[in-house]
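One structure below.
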Amino acid sequence: MPELPEVETVRRGLQPVLEGARIVRVEARRPDLRFPLPERFAERLDSRTVTALGRRAKYLTMHVEDGPVLICHLGMTGSFRIEDGAETATPGSFHYERSKDSAHDHVIFDVVSATQARHRIVFNDPRRFGFMLFSETPPDEHPMLAGLGVEPTGNALDADLLATLFRNRKAPLKAALLDQRMIAGLGNIYVCEALWRAGLSPLRAAGTIAVPGRKAAAQREKLAASIRAVIADAIAAGGSSLRDYMHTDGSLGYFQHSFAVYDREGEPCPTPGCNGHVERIVQSGRSTFYCRACQK
């Protein structure tokens, strides 16, 4: 499932073409994705101007003038591509060929950009785990987004907030970090990487870093900084692009080449001076990668 950095990379790829563009035609080639498409889906978007393209956690939000907000989730295999006449955007260094089977091109937006250039935005999803829904109110009030916690990309995520969120929590630290009601958009990959950077074990109780004292305060500070940094680094690198994920220009991200522990079972721990090795354990059905020698 694409994580926050992948979704943010898609948003940034679509933004120059979509923001300020007029939607001249919407074609829905099937009535549903993971969920049924909203009633009058194409009709309610046709001839509208896109005023903003946003992201909340792992969801894309498209705001249109005098219309509903479109909430989109990529699912496991969903991707957008931008077509400009006979051309598509130039693939990047890590090229991954898109599905060319038109049976998987489920929703198509024909738009005229703010510079009067014509583009076609195609949503392709072979497994159809993605979805598109309307929100008639501000998107944060939609049931899909209403319960989400703080974003991990800004200064709101700090040591004081972690103390408040994790106080008296007995759940493992990794499970607490994956709880979308507290921190929105953190996924398995980046939690493993952030915990390694912070030198904290995924197995320790979350509440142990929320107790009074300098040691716990320092741990909270380092964890908050590590989360923000690993997300920022992954966005800068274009995400991890595991399996089916691709950018809007067909290129793959390369943050996976910078993984310290994720998917590196048995390899030496990259922490300077550490003689440990990366281990893989299973927590709540998910793989956790960490070094027990330096993550306490």
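Miscellaneous remarks
- Identity of the residue in segment 1-49, among the acidic types (Asp, Glu) and either open to solvent by 40 Å² or more (accessible area, probe 1.4 Å) or not in a loop (DSSP other than H, G, I, E, B) (or both), that ends up nearest to Gln116 (Cα to Cα): Glu19
- Of the residues Gly207, Gly130, Gly187, Gly213, the single one that is within 30 Å of Asp110 (Cβ to Cβ) and small (Gly, Ala, Ser) is Gly130.
One line per residue, one yes/no per condition, for (1) of a type in the set (D, E, K, R); (2) at pLDDT below 95:
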position: Lys170; (1), (2): yes, no
position: Gly187; (1), (2): no, yes
position: Ala198; (1), (2): no, no
position: Ser201; (1), (2): no, no
position: Arg204; (1), (2): yes, no
position: Ala210; (1), (2): no, no
position: Gln219; (1), (2): no, no
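- Residue within segment 8-17 that is out of contact with any strand residue (DSSP E or B) (no Cβ under 9 Å at 6 or more places or on another chain) and farther than 30 Å from Ser287 by Cβ present: yes
- Scan of segment 281-295 for residues that are open to solvent by less than 30 Å² (accessible area, probe 1.4 Å), of a type in the set (S, T, N, Q) and assigned to a loop (DSSP other than H, G, I, E, B), ordered by number: Gln295
- You will find that of Ala217, Ala194, the residue that is farther than 26 Å from Glu279 by Cβ and either assigned to a helix (DSSP H, G or I) or without any contact (Cβ under 8 Å) to a residue 60 or more places away in the chain (or both) is Ala217 and no other.
- Every pair of residues 6+ apart whose Cβ atoms lie under 6 Å, when the first sits in segment 271-296 and is in contact (Cβ under 8 Å) with a residue 12 or more places away in the chain and closer than 19 Å to Ala206 by Cβ while the second is aromatic (Phe, Trp, Tyr) and buried (at least 18 other Cβ atoms within 10 Å of the Cβ): Phe289/Tyr262
- Conditions (1) surrounded by 20 or more Cβ atoms within 10 Å (Cβ to Cβ); (2) part of a loop (DSSP other than H, G, I, E, B); (3) at pLDDT 95 or above; number of the one not met by Leu60: (2)
- Identity of the residue in segment 139-163, more than 16 Å from Ala225 (Cα to Cα) and not hydrophobic (A, V, I, L, M, F, W, C), that ends up surrounded by the most Cβ atoms within 10 Å (Cβ to Cβ): Pro139
- Hits in segment 115-145 (condition: modelled with pLDDT of 95 or more and touching a helix residue (DSSP H, G or I) at 6+ places or on another chain (Cβ under 8 Å)): Met132, Phe134, Ser135, Leu145
- Within segment 104-114, considering residues that are under 16 Å from Ala52 (Cα atoms) and either acidic (Asp, Glu) or out of contact with any Lys or Arg (no Cβ under 6 Å at 6 or more places or on another chain) (or both), the one surrounded by the most Cβ atoms within 10 Å (Cβ to Cβ): Phe109
For every residue, the table says whether it meets (1) in contact (Cβ under 8 Å) with a residue 12 or more places away in the chain; (2) in a loop (DSSP other than H, G, I, E, B).
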site: Pro126; (1), (2): yes, yes
site: Ala146; (1), (2): no, yes
site: Ala156; (1), (2): no, yes
site: Ala229; (1), (2): yes, no
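The values are calculated or read from the model by the stated rules, or taken from the named source; none is laboratory data. Everything quoted here is computed from the prediction, not taken from an experiment. Please note: Cβ atoms are built from the backbone with ideal geometry, for glycine as well, and neighbour counts cover all protein chains shown. In case anyone asks, the SASA skips ligands and DNA or RNA and just uses the protein heavy atoms, side chains included. Shrake-Rupley method; radii C 1.70, N 1.55, O 1.52, S 1.80 Å.
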